[in-house]
Amino acid sequence: PSAAIPIKSYCPDLMVMPILCKDKAPQFNSWVKRLHCVVIGPGLGRDVETKDIVSKWLEVIKEQRIPVVIDADGLNLITEQPQLIRGYKDAILTPNIAEFCRLYHAIKSEQPQKPILMPSDLATLSKELECTIVCKGKIDKICTGGITVECEVQGSNRRVGGQGDLLSGALGLFAHWAKDSKDSLPCYIPYQNVAAYAACAVVKHANYQAFHHVTGDKIKAGRSMITSDMIGHLGKAFTDTFGCQ
């Protein structure tokens, strides 16, 4: 909670609620009915009290049947306590390869097959947890139950620290949109796969644009690119991907 004021000062665009402590955590319960999706993990940390609070929040989220995207330190919590989301079909996990291997080992007590990220491993984990897995990499692999799709949209030669945070945020938005429109989807296509593919495609395209972008006498960011360089390209990446504003 003490970080709230510095974060607000750093970026006034952010709405910051200092509720990650036991005496203020119950405020979340009164807000959750107004939420369309929850993203858990980026910047969460691994404090024991924080984990306890988030575990309780997940129960509230499940009661409301809203999508939840879990990334970063949120995945460490799920690796330790997979029962928190097991069977919750509106949960979407976004591990990288290392996080996927840790989670797979925690669930199956064995390592994935080689090469890493065989479709069968992805499907196994998704079926075991009964949720969606989005495994990030050069090719993003998405699986809900036994239905797998790959996002081969070109990124760049640099995947920046914090890019996963952009993906989880974008996925939160697309998860709400896709679930809200799922009645218009073919019955065999999970809305989670649609949302995940859309988010992966937009973020990968923004990564490519930021890496190669040149304006005036400014050279392209290239290998010096950071996450904030990508943010300004998300709008155009969305338009390029979907052909609309």
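The values are calculated or read from the model by the stated rules, or taken from the named source; none is laboratory data. All values reported here derive from a predicted model rather than from experimental measurement. Because the Cβ atoms are built from the backbone with ideal geometry, glycine has one as well, and the counts that use them run over all protein chains shown. Quick note on the areas: whole protein, heavy atoms, side chains included, nothing else; ligands and nucleic acids left out. Shrake-Rupley method; radii C 1.70, N 1.55, O 1.52, S 1.80 Å.
Filtered by the rule that a residue be open to solvent by less than 40 Å² (accessible area, probe 1.4 Å), of a type outside the set (A, V, I, L, M) and part of a helix (DSSP H, G or I), the stretch 143-168 gives Q163, G164, S168.
Among the residues making up the stretch 61-74, those that are touching a helix residue (DSSP H, G or I) at 6+ places or on another chain (Cβ under 8 Å), open to solvent by 10 Å² or more (accessible area, probe 1.4 Å) and not small (G, A, S) are Q64, I66. Restricting K179, K204 to residues that are touching a Gly at 6+ places or on another chain (Cβ under 6 Å) and either assigned to a strand (DSSP E or B) or at pLDDT 95 or above (or both) narrows the list to K204. With the structure loaded, tell me whether Y197 is open to solvent by 70 Å² or more (accessible area, probe 1.4 Å), modelled with pLDDT of 95 or more, of a type in the set (F, W, Y) and within 17 Å of the chain's Cα centre (by Cα) or whether it fails that test. Yes.
Applying the selection to the stretch 97-115, what residues are touching a strand residue (DSSP E or B) at 6+ places or on another chain (Cβ under 9 Å) and surrounded by fewer than 17 Cβ atoms within 10 Å (Cβ to Cβ)? I97, the sole residue that qualifies.
Set side by side, the residues D180, D140 differ, and just one is of a type in the set (D, E) and crowded, with 18+ Cβ neighbours inside 10 Å, which is D140. Among the residues of this structure, I19 counts as one that is assigned to a loop (DSSP other than H, G, I, E, B) and either modelled with pLDDT of 90 or more or open to solvent by less than 20 Å² (accessible area, probe 1.4 Å) (or both).
Pairs linking a residue in the stretch 198-209 that is under 13 Å from R158 (Cβ atoms) to a residue that is of a type in the set (G, A, S) and part of a helix (DSSP H, G or I), with Cβ atoms under 7 Å and 6 or more positions apart or on different chains, are A206/A237; Q209/A237.
If you go through the stretch 45-53 one residue at a time, do you hit one that is open to solvent by less than 30 Å² (accessible area, probe 1.4 Å), under 25 Å from A178 (Cα atoms) and not in a loop (DSSP other than H, G, I, E, B)? No; the residues of the stretch 45-53 include none that is open to solvent by less than 30 Å² (accessible area, probe 1.4 Å), under 25 Å from A178 (Cα atoms) and not in a loop (DSSP other than H, G, I, E, B). In the stretch 168-195, the residues that are within 17 Å of I70 (Cα to Cα) form Cβ pairs under 7 Å with partners that are open to solvent by less than 60 Å² (accessible area, probe 1.4 Å) and basic (K, R), at six or more places apart or across chains, as follows: Y191/K179.
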